[in-house]
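Notes follow the structure.
The values are calculated or read from the model by the stated rules, or taken from the named source; none is laboratory data. This structure is a prediction, so every number in the text was calculated from the model and none was measured. Here the Cβ positions follow ideal geometry from the backbone for every residue, glycine too, while neighbour counts run over all protein chains shown. With ligands, DNA and RNA removed, areas are computed over all heavy atoms of the protein, side chains included. Shrake-Rupley method; radii C 1.70, N 1.55, O 1.52, S 1.80 Å.
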Amino acid sequence: MDGEVLQLRGVGVRRDGASLLRDVTWTVSEGERWVVLGPNGAGKTTLLQIAAAMLYPTEGKVEILEEELGRTDVFELRPRIGIASSSVAEKVPAGEKVIDLVLTASYAILGRWQEEYESTDVGRAVALLEALGCTDLIKRTFSTLSEGERKRVQIARALMPDPELLLLDEPAAGLDLGGREDLVARLAALAGDPAAPTMVLVTHHVEEVPDGFTHALLLRSGGIVAQGKVDEVFTPEHLSETFGLPLAIDRHNGRWYARSLR
Ligand SMILES: Nc1ncnc2c1ncn2[C@@H]1O[C@H](COP(=O)(O)OP(=O)(O)OP(=O)(O)O)[C@@H](O)[C@H]1O
Ligand SMILES: [Mg+2]
């Protein structure tokens, strides 16, 4: 690979006359850790679904892991991408065991049927769940978990196929303060691991950006406001334009904090 994990050129998505994304040109190189930030409805999830080869754009060209969307077999591509998103979590069949939810990620499927798993796969699934603090949840049913527990299990599932690209859509949404801080710390550790995949994390909150994230893309109404290195993108001007109100932003010990100036 020449180092480009995602390459979007002039990407647009239209649905029912609405423009969900427009003229998105964005390159993610190997090893980078990106945060995609923007208000509700900005198009963040739509962008992530394109990056996950789950949605085709109406305009433009998309290359994922050097395969061109529309010219490649997405069923071969998808197992190379790990995704944790509530749109995936909603599709988990009732009664699905946590361990099976993680194991089935090797095949990029949901719902255990009759696949045979190698004991090394089971060992890896257990190790990932342990690393995410889910040791006590291994035998539970996914539907019985709390929001925070579900988030951590979904990240274990996303990491299971040893993906080249890891996509996280609002991993801290619905977590309490302790749960958020715990998750942000785990994601900072993952971001600092040179063996970890290239990452794209979607959030509404700069406070949820883990230390070690290198780049940021700001989205508003389907269009890019700014993109590049985090330090250069997280300015009061860019943030204020993205969220449509005057904002101040500070950094302390590798974490970011924003507040309204109104
Ligand atoms: N079929 C559709 N027709 C019209 N608009 C749609 C359709 N599907 C999605 N949208 C709109 O597209 C916009 C972008 O949606 P998307 O889910 O990508 O936003 P988001 O940035 O992830 O928002 P959130 O932060 O709330 O998750 C939203 O305004 C949504 O209402
Ligand atoms: Mg979304």
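Spatial offset of the range 153-196 relative to the range 1-36 amounts to 21 Å, using the alpha carbon center of each. Of the peptides 254-262, 183-191, the order by per-residue mean of other Cβ atoms within 10 Å, starting with the highest, comes out as 183-191, 254-262. Highest-first packing order for the peptide set 8-14, 47-53 is 47-53, 8-14, based on the mean count of other beta carbon atoms within 10 Å. Counting only protein chain heavy atoms and rolling a 1.4 Å probe, the accessible areas of His215, His205 rank, largest first, as His205, His215. Of the GluC sites (Glu not before Pro) found in the range 1-98, the ones in coil according to DSSP and having at most 11 other Cβ atoms within 10 Å of their Cβ are Glu90. Per residue, the convex hull spanned by the Cα atoms of the chain measures out at 137 cubic angstrom. The fraction of accessible area contributed by carbon and sulfur in the range 162-262 is 50 percent, rounded to a whole number (1.4 Å probe; ligands and nucleic acids excluded). Over the chain, accessible surface divided per residue gives 46 Å², non-protein components excluded, 1.4 Å probe.
Going through the cross-link list Lys97/Lys151; Lys44/Lys91; Lys44/Lys97, which pairs have a Cα-Cα distance over 23 Å in this structure? Lys44/Lys97, as the Cα separations exceed 23 Å there. Between Pro39, Gly148, Met54, the Cα set farthest toward the positive side of the dipole of the chain (charges on each charged residue's Cβ, about the Cα centre) is that of Pro39.
With R₀ set to 22 Å, the beta-carbon distance separating Ser29 from Glu67 gives a calculated FRET efficiency near 0.85. Need one number: the % of Cα-Cα pairs in the range 103-238 sitting beyond the 21 Å mark. Beyond 21 Å sits 47 percent of the P(r) for the range 103-238. Around the Cα centre of the chain, unit charges on the Cβ atoms of Lys, Arg, Asp and Glu (plus for the first two, minus for the last two) sum to a dipole of about 760 debye. Sites listed here are GluC sites (Glu not before Pro) in the range 106-201 whose DSSP assignment is loop and whose Cβ has at most 11 other Cβ atoms within 10 Å: Glu116, Glu118.
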